[in-house]
Each structure stands twice: as structure tokens, then as C-alpha cells.
1. Output the number of the condition that Y124 fails; it satisfies all remaining conditions of (1) modelled with pLDDT of 80 or more; (2) hydroxyl-bearing (S, T, Y); (3) buried (at least 17 other Cβ atoms within 10 Å of the Cβ); (4) farther than 20 Å from S146 by Cβ.
2. Test of understanding: among V137, V81, V59, which residue is more than 13 Å from V42 (Cα to Cα), surrounded by 14 or more Cβ atoms within 10 Å (Cβ to Cβ) and either at pLDDT 90 or above or not acidic (D, E) (or both)?
3. Scan segment 85-108 and tell me whether some residue there is in contact with a helix residue (DSSP H, G or I) (Cβ under 9 Å, 6 or more places away or on another chain), under 19 Å from N39 (Cα atoms), modelled with pLDDT of 80 or more and part of a strand (DSSP E or B).
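The values are calculated or read from the model by the stated rules, or taken from the named source; none is laboratory data. Being a predicted model, the structure only gives us computed values, none of them experimental. Cβ placement follows ideal geometry from the backbone for every residue including glycine, while neighbour counts extend to all protein chains displayed.
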Amino acid sequence: MNPLWLLVFFSFLLQGPQSSSSRNHKLTTESAPGLSIVNAAVNAEVVEMPGIVAECAGVGTVTLTIRNPGPKRIKRVSYEVLLRFDNSDLASGVTTPLLESDLSNQGAGLGPNRSRTIKKEFTYCESAQPASGLLRVQRVEYDDGSSWERAISKPTR
């Protein structure tokens with residue numbers, strides 16, 4: 001084994017990952033019919049590992065509080081977070097993979113007139129903290145088997 005690699009590895013174990021200061025950002029939201037987003041925020045930071053260069057060093061946690069104002073019990077919610085790293089538009093930012101929250105694994109789903117806070121971790125491939133973001137609900141599944149899904153916009157020619 002290469003002694004330099006061992007030195008870097010043991011130095012990482014002793015020091016642990018070092019993170020830049022994290023900041024909590026309130027997210028703007030795009031919800032879905034029959035679902036109310038009471039609050040949405042992201043806490044993101046870049047984790048630096050001494051001696052290791054990582055492409056995807058950004059880690060974050062999205063926290064959202066949803067409310068079910070409708071008559072159907074919600075089983076699952078799928079959403080994405082678009083992160084913006086400067087003053088440009090969101091189109092030049094980074095989108096997380098689709099995040100899913102299975103509400104039925106914590107009981108019988110989210111019943112009518114009920115609220116629940118969800119936390120989900122994700123990684124992103126940028127070397128900076130986001131300046132702002134947007135949480136966009138993509139799909140809502142109900143206990144009765146029905147669902148709502150955001151229409152995919154087609155580019156104009």
C-alpha cells in the first residue's frame with residue numbers, strides 16, 4: 001500500500017469531515033392540489049474532507065411541513081429541490097434527485113386536516129452553499145390508489 005494514502009486516510013479519521021458553516025434557507029414552494037405546504041426550508045453545507053477531493057461534497061437537509069386539507073388520506077409525496085447558488089435564475093441552479101416521503105410508514109398516511117413535518121437528506125455536486133431554492137411537489141399518491149402528478153412542460157420551438 002502507498003504510505004501517502006495511509007497518511008491521508010488516518011489524518012481524515014483523526015480530523016473527521018470539516019464543514020463550512022451551514023445556513024438555513026426558507027424555500028419558495030410549488031405545491032399540489034389537495035396538499036398545503038405550511039413551511040419549507042433547506043439547510044445545506046459543503047463538507048471538506050482533508051486530503052480527499054470529492055465531486056459531490058454538498059450535503060443538505062430539506063425540512064417541510066405539509067398539511068392535508070382534502071378528504072383523501074395521503075400515502076406518499078414526491079418532490080424536488082432546485083438550488084440556486086448566486087443571483088442567476090433557478091434554471092442555472094442544481095436540482096436534487098426526486099425525493100420521496102412515504103407517509104404510510106409512520107402509521108396510516110396523512111389523514112384529512114392533519115399536518116406532518118418531514119426531513120429528508122440529499123447531496124449535491126457544487127462547491128458552494130446555495131443562496132436560495134424552490135421546493136416543487138411532483139407527485140402525490142393517495143391511499144385509495146389515485147394520484148396527482150405535475151405535468152411535464154414541453155419546450156417550445
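1. Of everything listed in (1) modelled with pLDDT of 80 or more; (2) hydroxyl-bearing (S, T, Y); (3) buried (at least 17 other Cβ atoms within 10 Å of the Cβ); (4) farther than 20 Å from S146 by Cβ, Y124 misses just condition (1).
2. On the way: V81 fails: more than 13 Å from V42 (Cα to Cα); V59 fails: more than 13 Å from V42 (Cα to Cα).
None of the others qualify; the one that does is V137.
3. Start the filter on segment 85-108 by keeping residues that are in contact with a helix residue (DSSP H, G or I) (Cβ under 9 Å, 6 or more places away or on another chain), which leaves 85-86.
Those left that are additionally under 19 Å from N39 (Cα atoms): none.
No; the residues of segment 85-108 include none that is in contact with a helix residue (DSSP H, G or I) (Cβ under 9 Å, 6 or more places away or on another chain), under 19 Å from N39 (Cα atoms), modelled with pLDDT of 80 or more and part of a strand (DSSP E or B).
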